[in-house]
1. Out of segment 104-113, which residues are more than 20 Å from the chain's Cα centre (by Cα) and surrounded by fewer than 17 Cβ atoms within 10 Å (Cβ to Cβ)?
2. Spot the failing condition for residue 129; the list is (1) closer than 26 Å to residue 236 by Cβ; (2) among the aliphatic types (A, V, I, L, M); (3) surrounded by 19 or more Cβ atoms within 10 Å (Cβ to Cβ), and only one is missed.
3. What number goes with the only condition from (1) closer than 16 Å to residue 104 by Cβ; (2) surrounded by fewer than 19 Cβ atoms within 10 Å (Cβ to Cβ); (3) small (Gly, Ala, Ser) that residue 190 does not pass?
4. Somewhere in segment 277-296, is a residue aromatic (Phe, Trp, Tyr) and over 23 Å from the mean Cα position of the chain (by Cα)?
5. So, residue 17, is that one modelled with pLDDT under 95, surrounded by 17 or more Cβ atoms within 10 Å (Cβ to Cβ) and in the same structural domain as residue 229 (by TED's automatic domain parsing) or not?
6. Out of 184, 170, which single residue is among the charged types (D, E, K, R) and within 29 Å of residue 301 (Cβ to Cβ)?
7. Looking at (1) touching a Pro at 6+ places or on another chain (Cβ under 8 Å); (2) among the charged types (D, E, K, R); (3) farther than 21 Å from residue 32 by Cβ, which one does residue 87 not meet, given that it meets all the others?
Amino acid sequence: MSADTSLGSQSLFSGEGGMQDFGNGLYMLQLFANICMVETGEGVVLFDLGLPIDGPRIVQELRAVTDMPVRYMIYGHGHADHAFGSRAVLEDAAERGHDKPVIVAHESLPRRFDRYQRMLPYHEHINRIQFGIPEGIPAFPWDYIYPDEVFRDEMTFCLGDTTFALKHARGETDDHIWMWIPERNAVCASDFWVWSCPNVGNPFKVQRYALEWAQALEDMASLSPELMLPGHGAAISGAAEVEEACHTVARALRLLDDQVVEMLNEGKWQEEVLLSFAWPQEFAASPYLAPIYGHPYFVVQALLRQYHGWYDGNPSHLFPAGSGELAAQVLELAGGAGLVLAKARELAEAGKTQLALHVVDYVLDAGAEPRREALELKTSLLEALAAKERSLIARNIFLGGVRQIKKELQG
């Protein structure tokens, strides 16, 4: 199919966009995550390898356009949707009698794979919540194919008449890379570009890097590419639009970084920073920064974690009492759980859903009765938040809480 790069076509997880042909041997297979394919006179280079279940589809779509051997497979980073469809490609090469493709990644990626395997149950658990994956369906990869070659800052190789320049920059991961193909005037951006507010500060995941992310986008724009192939969603075509897109997101990230640093230097603590940072309308209305996956609040959380320790400025919280013990005292002061639940309903009716949730939690944390009534109220509050929430991550966290409560109620 021909590529649709109009703004109206954008969706973070647009799924079955299928194989898109940009001409001159450059393709993008748009699945849950995108796989870039570059055909040269001496073979094929694949950039990003999708989910484990994507492997057969990658081979099918590849073989519909070329019989050339795959010479290189490049992991844009080590996340589950970008580095785990390679098994089927290796098997296809063996069946055809081709040489084994060389797998290339950043030098930090093997350590990521080691950590994933050490903590498989944990990652299975958090990914199930983050993506709303039902029980019984695997939520995290178990088959790890490590790279054959790794690099630190940059790596350039040629295949046929085509140059592939791999660039490392910390962004969504510490092993993140992007690829510049000068003869095709194209950039493969991996998750440096996903048609959303950048996923800096994912509530479940390790540290991510806003400033380096911004710099990577600026570096891409400086090359004036005519085409940018993202990690998710549709491609961006035209040097002017690529430049505008990259610089808009980079400016947004730098603005948040500047605000956090300025407020910390003024002696403000985390809560005050989170409640007072500004997100200008220019960015709130931008199609490049829609909070459909990442969120500016998450970015600020990541910046605080990067620049700041965990102490929140209140000595009472240094060695805090347990939440249940504190909640029991609050219920006693308030005159019992019934009055607290009544207050939570009053807040909910006034549209203060988040505040109502906190109040309900005093009843639940204290283990007080009527527990079922409190759980049912919390369910309705979480469902109300989920119905209005644009961020997939935040929405699935709310709905994950609903599922957990319903499991208890049914038990």
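1. 107, the sole residue that qualifies.
2. (1)
3. Unmet condition: (2).
4. no
5. Answer is yes for this residue.
6. Result of the check over 184, 170: 170.
7. The failed condition is (3).
Listed here are the residues, each with its yes/no results for (1) touching a strand residue (DSSP E or B) at 6+ places or on another chain (Cβ under 6 Å); (2) small (Gly, Ala, Ser); (3) within 18 Å of residue 194 (Cβ to Cβ).
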| position | (1), (2), (3) |
| --- | --- |
| 53 | no, no, no |
| 58 | yes, no, no |
| 76 | yes, yes, yes |
| 79 | no, no, yes |
| 99 | no, no, no |
| 103 | yes, no, no |
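The values are calculated or read from the model by the stated rules, or taken from the named source; none is laboratory data. Predicted model only: the values in this text are computed from it and were never measured. So basically every Cβ, Gly included, is an ideal-geometry build from the backbone, and we count neighbours across all protein chains shown.
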